[in-house]
Amino acid sequence: MNLHGTPLSIAIFSLFVAMVLWLSYFFARKAKSAAGYYAAGGQIHWAVNGISFAGDYLSAASFLGICGMIATLGYDGFLYSIGYLAGWIVALFVVAEPMKRMGKFTFTDALDAKFNSRGIKLAAAISTLVVSICYLIPQMNGAGSLVEPLLGLPHWVGVIIVGVIVILIVSTAGMTSTTYVQFLKGGLLLIFSTILVGFLLVRGLSTEPPSLRGAAGESLLSVPEQTTEAALAGEGYVLAHTAGDLLKFTQNGAVSWYKKDADGTLWKTQWEGAGLVNGTPDGLLYPVGRIKQIGGMSAEAAAKGTGRLNMVNFLATLTRDDTRIEQWHKKTVFDEAGVKYAVYYPKTVSGTDQMKPGVKFKVNTGWEKLNFVSLMLALFFGTAALPHILIRYYTVPSPACARKSTIVAIAAIGFFYVLTLFMGLGAATNGTVNPADNNMSAPLLAMSFGGVLFAIISAIAFATVLGTVAGLIVAASGAVAHDLMDRYGGMNLTEHQKVKAGKVAAFVVGIVAIVLGIVFRGVNVSFLVGWAFAVAASANLPAILMLLFWKRTTAAGIVASIIVGIVAALGIILTGPAMFAGPYGLTAEDAWHPLGQPGIISIPLSFLTLIVVSLVTENKRVAE
Amino acid sequence: MLHGPAQDSGPDPASGYKTRLGVVMFIIYCVVYAGFVFTNVLTEGKAMQTIVVAGLNLAVVYGIGLIVFALVLALIYNALCTKKEREMASAGPRGGKA
């Protein structure tokens, strides 16, 4: 994708970052005490806290990841919206008020309120650190994706910029500034996403939307070339390698990859590999995502477009069985010499298939069903176990305020998640999807309406990452300074020392996040966040729920369930197909097992561990 | 140092009622959410493509419905909790602050 920042986009972006830093500086004076640094003094208004919740929660995963996944996979991406929002029900009905009553600064405080156990302090602090880092990876990755088109800088530079700015924010002000940054960003994200969807509905649907027409009205559509093996052979192409349904041809030394359909048709693909992009060292991938046929309309009428649509008509038109949408999928393959290639190929689907689950999360085989249930389970139970969400309950004055702020969050987040369906489908039909990195689909959709909207949306998305990363780093630094050093290590730090230790911890966690953000480039950020949810749901939620609702829970049971939850969830992820096809540089078939989502095993295992260990240790205690 | 709440919000006599109400509402939502998940799994996605209203399929209607249902339940929960907190606060001098 040939994308460069304009002076306007750079100016708007710089303005946002400057505003965030000013807010940070302004509220720095409130962070002198530990309560100020970690919990904003417990004095944030519930309505502000509610929108800040939305700011925290509508991270890169929601705005960039979900829209990107819908843009490339259709309805499957929306499953994340449904699951993420449903998770707030657990937070509201079960966790919000008790957490506020029990805790002081951190999730560990709440968990340890009954037992005062060193083991719980250690296990919960480790869990907070692990979950925060899992959640930080996609945020940093998303930041890199944003900076590429916005400022014309490489991905890794974007990751470093976010890391440095956030370390600066957190080490100056803590939770108060983080709260107001989140409030500002959450509010702006809702407003401008609504504007973007409004523009999209006014434009309607077209097989040749304005974004795919040149200045003189000419079509800029990049239609994939369709051919046959015989035709290619006639042109001197030689079949060099077959990797499943992907065929590598060479012609006078030049490489081409084609995707073979069941009927023998070959489709020209886009590809990256051997230091080349689409065959040349400085080659570019062209943007994809178009509607090929609008149900019930002739080709001529469909090219002119439907004109303005309302929300229901927009979705209904895309759902028709005679509507055709071109999706682009990615496959990692190795050629005859063992050289790795990423091949992007088109696949035309009907509206019926686009608008139902099943492209990524199929439910035909036993493993596929298990994966789907596992994902939905982790999304449902993960929210209420995320440390950076839990610490926001300590920023309001009372349990009732914690409840009310959660309801504001549900309203704001629910509204936004409905919009993700429109933004994702809008990108899928307006030629604004980067096949190599679908995370930029929503901002690129905004770009199709002009540079100003793109710059504003991108700057908000960048602020989204900044705010979420800041919240995560506050949570992680709290785990190190307050839970590990002060409470577990018994160092009895003064208020000043505790704030200082938190800032040093924030710096270290920030560096770790920068490195991991660069390593995971190109992986959909929502998919990565799904893992963070699975780890949180496995490690933290059984402990929280059983502590609240099962009187026989013991400290040893809580410690065991947290450790088993972390190890099981991470173990399944690290040995699963997505890691092998991604960071390990192998293929999904090399993975130890086909389970992509760990929740279905790790969450029940963590519950079971807590129950068994609690019963055993309770009996021991009674016997003694 | 103390490890209690950052802000002492006083006793909350309505907490037992709110906990019970929260669990009931949580179970209601769980059942509806599980309905979505298992409708997809058990019919291998086929039921999800059924057009149910205004040209929209079950996947879209159920999915958006789950989001709207969460907000409706949350508002009902808040209204009932606030009512109970007011009743308890007016019933005696030891009532908790809302």
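Excluding the sites themselves, what is the longest stretch of chain A that contains no chymotrypsin sites (Phe, Trp or Tyr not before Pro) in a DSSP loop with at most 15 other C-beta atoms within 10 Å?
Between exposed loop sites, the widest span is A:1-549.
Counting only Cβ charges, +1 for Lys and Arg and -1 for Asp and Glu, the dipole size of the stretch A:356-471 around its Cα centre is about 320 debye. For the pairs A:Lys268/A:Lys331; A:Lys259/A:Lys369; A:Lys268/A:Lys330, flag any whose C-alpha to C-alpha distance is greater than 23 Å. Violating the 23 Å Cα-Cα cut-off are A:Lys259/A:Lys369.
For the stretch A:310-387, applying the loop criterion from DSSP together with a ceiling of 16 other beta carbons within 10 Å to the GluC sites (Glu not before Pro) yields A:Glu336.
Projecting the Cα positions of A:Phe454, A:Ile89, A:Gly74 onto the charge dipole of chain A (unit charges on Cβ atoms of Lys, Arg, Asp and Glu, taken about the Cα centre) puts A:Ile89 furthest along the positive direction.
Modelled spin-label separation between A:Ala337 and A:Leu608, with each label point placed 7 Å from Cα along the Cα-to-Cβ direction: 5.0 nm.
With a simple spin-label model that places each label point 7 Å from the Cα along the Cα-to-Cβ direction, the separation between A:Arg552 and A:Ala274 comes to 6.5 nm. For the stretch A:279-378, the share of alpha carbon pairs falling in successive 5 Å distance bins from zero is 3, 10, 14, 16, 15, 15, 12, 9, 6, 1, 0 percent. Long hydrophobic helices in chain A: the complete DSSP H runs spanning 20 Å or more by Cα along their own axis with mean Kyte-Doolittle hydropathy of at least 0.5 are A:7-26, A:76-90, A:118-151, A:155-172, A:175-203, A:366-382, A:399-429, A:451-478, A:495-519, A:525-539, A:555-574, A:599-623. Taking the Cα centre of chain A as origin and assigning +1 to Lys and Arg Cβ atoms and -1 to Asp and Glu Cβ atoms, the resulting dipole is close to 2140 debye. Over chain A, Cα pairs under 8 Å with separation of 6+ residues give a relative contact order of 28 percent. Projecting the Cα atoms of A:Gly366, A:Val535, A:Trp46 onto the charge dipole of chain A, computed from C-beta unit charges around the Cα centre, puts A:Trp46 farthest toward the positive end. Shown here is the pair-distance distribution of the stretch A:537-624: with all Cα-Cα distances grouped in 5 Å bins from zero up to the longest one, the shares run 3, 17, 21, 16, 13, 10, 8, 6, 4, 2, 1 percent.
Treating only the Cα positions of chain A as identical point scatterers, give the base-10 log of I(q)/I(0) from the Debye formula at each q in 0.11 Å⁻¹. Once normalised to I(0) and log-transformed, intensities are -1.03.
In chain A, the calculated helix contribution to ellipticity at 222 nm averages -19000 deg cm²/dmol per residue, counting -39,500 (n - 2.57) for every DSSP H run with n ≥ 4. Placing unit charges on each Cβ (+1 for Lys and Arg, -1 for Asp and Glu) gives chain A a dipole about its Cα centre, and among A:Ile558, A:Ile161, A:Leu421 the Cα reaching farthest toward its positive end belongs to A:Ile558. Dipole size of the stretch A:263-375 about its Cα centre, with +1 on Lys/Arg Cβ and -1 on Asp/Glu Cβ: approximately 380 debye, rounded to the nearest 20.
FYI, it's all coordinate maths here, none of it is from the lab. These numbers were taken from a predicted model, which means no experiment stands behind them. Don't worry about glycine lacking a Cβ; one is built from the backbone with ideal geometry, like all the others, and counts go over all protein chains shown.
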